[in-house]
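The values are calculated or read from the model by the stated rules, or taken from the named source; none is laboratory data. Just so you know, these numbers come straight off a predicted model, no measurement behind them. Every residue, glycine among them, receives a Cβ derived from its backbone with ideal geometry; neighbour counts consider all protein chains shown. Accessible surface areas use protein heavy atoms only, side chains included; no ligands, DNA or RNA. Shrake-Rupley method; radii C 1.70, N 1.55, O 1.52, S 1.80 Å.
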Amino acid sequence: MKTYNIVACLMLAFSFVACEKSTDTSTEEIKTSVVSDYTVFMQNNNQLNAVVVNSTVEEIIVENTLASFNDVPSNSLKYRTTLDISYFYTSNCQSNFQWYDASSETTKSIPLFEDLDSCELNVIATAHSSESAFIAYERELLGKDKQFVVRVNSLARTTASYSEITLDKKPIDIIASGDRLFVLTLDEYVTDNYYLSVIDLDTDIIIMELDLGVDALRLFTNNSGKVIVSYPKLHTTIDPLTLDKEYTTYGENTEPGFITTNDYYMDAAGKLYFHKNMPSAAVTEVPAIYDFEKNSTVVYLFENFLTETELDIKYNIAETTAIAYDKKNNYVLIGYKKNGSADEGGILRITPSPDFKLIDNLDLEGVPQTIFVK
């Protein structure tokens, strides 16, 4: 296998270093040093498929499938942490919540909204903890304004067990951290400002509401459980217990762009692996890594570690769709969609900065959406 020396795009808080394509090549074949397993959730024929991928010293192969996800639509609402993932979907006006723990390879499915007509609800965002599923929704009430609600559903009980918290603004995003739930809301009728409702999960009471101003569009948590409120030009870090805030602004034209990513992974060092839109690149949706501590972004342009033939013919890459990090081998895993097909994709493994070398590729009968590394 050939590898290609590249130069990465590095976006710092106050500067931008452009990329130049390398022409140096090597015939050295890179071997996998440690065997790793990956669980890959993929889109195929508008359904979700999950497969276990095994890497050996010589190759990377699909080992088996997870049959429990065959009935989940690929456009289901997704919420993931470092260790687990959940999907919310509605079929025949019945709502379902499918949860998977990647570390223990266990899965659980529970029905939701058995007391309501799911077809009359608009579920906007979901989240989960190890004990509960959190569903933010709105519904029309006859002769009244819309009702905004967060339902807290137990994952431990076999029978329906839930509580509800009523909101006075439209929920946009939700995230769990510790014993609290954070709900990003929008006052769409009066100010168009965004707010953060902090809910105590022991009492299901809103204990505080923070005014976030305009353009607060996304919530994340970092590796220490702090809440990240993402804006186009900055982000705010909030301590989930004290609610103390820190503000991080980006330099001109150096915005990391993780606010729009469909998949992401936070490693133990506090780096966010995501995919970023780069309109001027050969492939416009590319892998990227944002370092919260340094406020810098490394962008992996495909044309800088693949030849034109590999990019356009051999791997036929249309866009990045998933990203992960194999700590044991120090590999970045890039899930991608192929050109000309809605249901074909693959996974590239490369070494991160400063090496940036292609390790290998696995073609898949589906488009990766999320990758877990065991």
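Test of understanding: among T242, T260, which residue is of a type in the set (S, T, N, Q) and out of contact with any strand residue (DSSP E or B) (no Cβ under 7 Å at 6 or more places or on another chain)? Break it down into steps so the answer makes sense when it comes.
On the way: T260 fails: out of contact with any strand residue (DSSP E or B) (no Cβ under 7 Å at 6 or more places or on another chain).
Just one listed residue meets the conditions, T242.
It is to be established whether one or more residues within the stretch 197-207 are within 19 Å of D291 (Cβ to Cβ) and either crowded, with 17+ Cβ neighbours inside 10 Å or not aliphatic (A, V, I, L, M) (or both).
Filtering the stretch 197-207 for residues within 19 Å of D291 (Cβ to Cβ) gives none.
No: zero hits.
Within the stretch 133-149, can one find any residue that is loosely packed, with under 12 Cβ neighbours inside 10 Å, basic (K, R) and over 20 Å from the mean Cα position of the chain (by Cα)? Explain how you work it out, then say what you get.
Filtering the stretch 133-149 for residues loosely packed, with under 12 Cβ neighbours inside 10 Å gives 141-145.
Cutting the leftovers down to basic (K, R) gives us 144.
Then drop every residue that is not over 20 Å from the mean Cα position of the chain (by Cα), which leaves 144.
For the stretch 133-149, residues loosely packed, with under 12 Cβ neighbours inside 10 Å, basic (K, R) and over 20 Å from the mean Cα position of the chain (by Cα): present.
Sort out which residues of the stretch 30-79 are closer than 15 Å to Y331 by Cα, not charged (D, E, K, R) and not in a strand (DSSP E or B), and write them in order of number.
Passing the criteria: I30, T32, S33, V34, V35, T56, V57.
So V72 fits all but one of (1) hydrophobic (A, V, I, L, M, F, W, C); (2) open to solvent by less than 20 Å² (accessible area, probe 1.4 Å); (3) within 23 Å of I199 (Cβ to Cβ); what number is the exception?
Evaluating V72 over (1) hydrophobic (A, V, I, L, M, F, W, C); (2) open to solvent by less than 20 Å² (accessible area, probe 1.4 Å); (3) within 23 Å of I199 (Cβ to Cβ) leaves (3) as the failure.
Take the residues in the stretch 171-196 that are polar (S, T, N, Q) and part of a loop (DSSP other than H, G, I, E, B), then tell me which one is least open to solvent (accessible area, probe 1.4 Å). Full working, then the answer.
Start the filter on the stretch 171-196 by keeping residues that are polar (S, T, N, Q), which leaves 177, 185, 191, 193.
With the extra rule that they be part of a loop (DSSP other than H, G, I, E, B), the set shrinks to 191, 193.
Values: T191: 64, N193: 35 Å².
Only one residue tops the list, namely N193.
When only residues in the stretch 178-190 that are of a type outside the set (D, E, K, R) and modelled with pLDDT under 95 count, which is farthest from D84 (Cα to Cα)?
As a first pass, look at the stretch 178-190 and keep what is of a type outside the set (D, E, K, R): 178, 181-186, 189-190.
Within this subset, residues satisfying the condition of being modelled with pLDDT under 95 are 178, 189-190.
Numbers: G178: 16, Y189: 36, V190: 38 Å.
This residue is V190.
Can you name every residue in the stretch 22-56 that is within 29 Å of the chain's Cα centre (by Cα) and either modelled with pLDDT under 65 or open to solvent by 70 Å² or more (accessible area, probe 1.4 Å) (or both)?
From the stretch 22-56, those within 29 Å of the chain's Cα centre (by Cα) are 30-56; that's our starting set.
Within the stretch 22-56, I30, K31, T32, S33, V35, N45, N46 meet the criteria.
Of the residues that make up the stretch 89-110, is at least one in contact (Cβ under 8 Å) with a residue 24 or more places away in the chain, part of a strand (DSSP E or B) and open to solvent by 70 Å² or more (accessible area, probe 1.4 Å)?
Yes, the conditions are met somewhere in the stretch 89-110.
May I ask you to say which residue of S132, S109, S104 is within 27 Å of Y38 (Cα to Cα) and out of contact with any strand residue (DSSP E or B) (no Cβ under 8 Å at 6 or more places or on another chain)?
Details: S132 fails: out of contact with any strand residue (DSSP E or B) (no Cβ under 8 Å at 6 or more places or on another chain); S109 fails: out of contact with any strand residue (DSSP E or B) (no Cβ under 8 Å at 6 or more places or on another chain).
Every option except S104 fails the conditions.
I need the full set of residues from the stretch 204-250 which are part of a strand (DSSP E or B) and basic (K, R), in order please. Walk me through it before giving the result.
Within the stretch 204-250, the subset part of a strand (DSSP E or B) is 205-213, 218-221, 227-230, 234-238, 245-249.
Matches in the stretch 204-250: R218, K245.
Select from the stretch 142-187 the residues that are closer than 27 Å to S224 by Cα and not aliphatic (A, V, I, L, M) and list them in ascending order.
Start the filter on the stretch 142-187 by keeping residues that are closer than 27 Å to S224 by Cα, which leaves 150-156, 165, 171-186.
If the condition is that a residue be closer than 27 Å to S224 by Cα and not aliphatic (A, V, I, L, M), then R151, N153, S154, P171, D173, S177, G178, D179, R180, F182, T185 are the ones that fit.
If you scan the stretch 329-342, which residues turn out to be in contact with a Gly (Cβ under 7 Å, 6 or more places away or on another chain) and either in a helix (DSSP H, G or I) or among the small types (G, A, S) (or both)? Quick ask: steps written out before the conclusion?
Initial filter on the stretch 329-342 (in contact with a Gly (Cβ under 7 Å, 6 or more places away or on another chain)): 335-338.
G335 - this is the single residue of the stretch 329-342 that is in contact with a Gly (Cβ under 7 Å, 6 or more places away or on another chain) and either in a helix (DSSP H, G or I) or among the small types (G, A, S) (or both).
Would you pick out the residues in the stretch 198-221 that are within 23 Å of F258 (Cβ to Cβ) and among the hydroxyl-bearing types (S, T, Y)?
T221
The rows are residues; the columns are (1) surrounded by fewer than 22 Cβ atoms within 10 Å (Cβ to Cβ); (2) at pLDDT 95 or above.
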position: Y290; (1), (2): no, yes
position: T307; (1), (2): yes, no
position: N339; (1), (2): yes, yes
position: L362; (1), (2): yes, yes
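Does T320 satisfy the criteria of being modelled with pLDDT under 95 and either hydroxyl-bearing (S, T, Y) or under 24 Å from K226 (Cβ atoms) (or both)?
Details: modelled with pLDDT under 95: no; either hydroxyl-bearing (S, T, Y) or under 24 Å from K226 (Cβ atoms) (or both): yes.
Considered against the rule, which asks whether it is modelled with pLDDT under 95 and either hydroxyl-bearing (S, T, Y) or under 24 Å from K226 (Cβ atoms) (or both), T320 comes out as no.
When the residues of the stretch 309-328 are filtered to those that are in contact (Cβ under 8 Å) with a residue 40 or more places away in the chain and in a loop (DSSP other than H, G, I, E, B), which remaining residue is least open to solvent (accessible area, probe 1.4 Å)?
Y315
Quick one: is N253 under 17 Å from H235 (Cα atoms), polar (S, T, N, Q), in a loop (DSSP other than H, G, I, E, B) and open to solvent by 10 Å² or more (accessible area, probe 1.4 Å)?
Working: under 17 Å from H235 (Cα atoms): yes; polar (S, T, N, Q): yes; in a loop (DSSP other than H, G, I, E, B): yes; open to solvent by 10 Å² or more (accessible area, probe 1.4 Å): yes.
Yes; evaluated as a whole, the condition is true for this residue.
Going through the stretch 267-277 one residue at a time, which ones are open to solvent by less than 20 Å² (accessible area, probe 1.4 Å) and under 23 Å from V40 (Cβ atoms)? Show your work before the answer.
First, the residues of the stretch 267-277 that are open to solvent by less than 20 Å² (accessible area, probe 1.4 Å): 267, 270, 272-276.
Matches in the stretch 267-277: D267, L272, Y273, F274, H275, K276.
When you check F258 against the structure, is it among the aromatic types (F, W, Y), closer than 20 Å to S224 by Cβ and buried (at least 18 other Cβ atoms within 10 Å of the Cβ), yes or no? Walk me through it before giving the result.
Values: among the aromatic types (F, W, Y): yes; closer than 20 Å to S224 by Cβ: yes; buried (at least 18 other Cβ atoms within 10 Å of the Cβ): yes.
In short, yes.
Tell me the residue from E59, E120 that is in contact with a strand residue (DSSP E or B) (Cβ under 8 Å, 6 or more places away or on another chain), modelled with pLDDT of 90 or more, open to solvent by 70 Å² or more (accessible area, probe 1.4 Å) and more than 29 Å from T221 (Cα to Cα), please.
E120
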